[in-house]
1. Taking the condition over 21 Å from residue 159 (Cα atoms), assigned to a helix (DSSP H, G or I) and in contact with a Leu (Cβ under 6 Å, 6 or more places away or on another chain), does residue 53 pass?
2. Show the residue pairs meeting these rules: Cβ distance below 7 Å; 6+ apart or different chains; first residue within the range 108-134 and closer than 20 Å to residue 157 by Cα and surrounded by 15 or more Cβ atoms within 10 Å (Cβ to Cβ); second residue at pLDDT 85 or above and among the acidic types (Asp, Glu).
3. So, in the range 65-85, exactly how many residues are exposed (fewer than 14 other Cβ atoms within 10 Å of the Cβ) and more than 17 Å from residue 38 (Cα to Cα)?
4. Filter the range 22-39 down to the residues that are of a type in the set (S, T, N, Q) and in a helix (DSSP H, G or I), then identify the one that is modelled with the lowest pLDDT.
5. Residues in the range 40-48: is at least one of a type in the set (Val, Ile, Thr), more than 19 Å from residue 86 (Cβ to Cβ) and modelled with pLDDT of 90 or more?
6. Taking residue 120 as the residue in question, decide whether it is modelled with pLDDT of 80 or more, in a helix (DSSP H, G or I) and under 30 Å from residue 52 (Cα atoms).
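The values are calculated or read from the model by the stated rules, or taken from the named source; none is laboratory data. These numbers come from a predicted model, not from an experiment. A quick note on method: Cβ atoms are made from the backbone with ideal geometry, for glycine too, and the neighbour counts reach across all protein chains shown.
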Amino acid sequence: MSSIWTKGLLILAGVWLLAGGAIWWARNSKATPETIVRYVETHPLAGQSEGERAKRLERVASQLNRLDYEQRREMRMSRRLDEFFRSLTPTEQGRFLEQTLPAGFKQMMEALNKMEPGKRQQFVERSLREMKKEEGGAFPEDVAENLDANARKIMDQGLKSFYSEASAETKMDLAPLIEQMQKNLQGL
């Protein structure tokens, strides 16, 4: 009788250890802006083979795609991945954009659709002010070389998401932003 209880307790302890390990693993593998920045800083691309660079690019893109809208926005606003992006070759930059833009734009459209109309209007006005400040601005030479292809990818994916994901009300509210974006890109 005691051996049955002993076996039962051992099985129960094993199940709890597995569950605890799974929870620990899930918490530690969750992508956050900090984990992405830490990964990029501890795994530089310089001096790596093409295959290793591709693996690292894939991992950063995958982690970035697992962030929620606010976390992605935080990463974009803090410009914490700018150095990583600049370290990519033009081909790698294009691949990175292809892997991260669809998820990012989808999240943005979902967030804009859920936003109250008043807050969405404030967002549009703030974004327009920022875009008008940037109008006609110059880019660093290393960025400017690849800007046309990357800007076209960003614009194409943004418009694709805008037309397929945005509600009619969101489309109306964002129309001035789309026009200003086109104007800024044409000025380049």
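1. Here the answer is yes, as residue 53 does meet what is asked.
2. Within 7 Å, the pairs are 124/173.
3. 3
4. 28
5. no
6. The answer is no for residue 120.
Let's see how each residue does on (1) farther than 30 Å from residue 112 by Cβ; (2) in contact with a Pro (Cβ under 8 Å, 6 or more places away or on another chain):
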site: 47; (1), (2): yes, no
site: 50; (1), (2): yes, no
site: 67; (1), (2): no, yes
site: 71; (1), (2): no, yes
site: 74; (1), (2): no, yes
site: 82; (1), (2): no, no
site: 89; (1), (2): yes, no
site: 92; (1), (2): no, no
site: 96; (1), (2): no, no
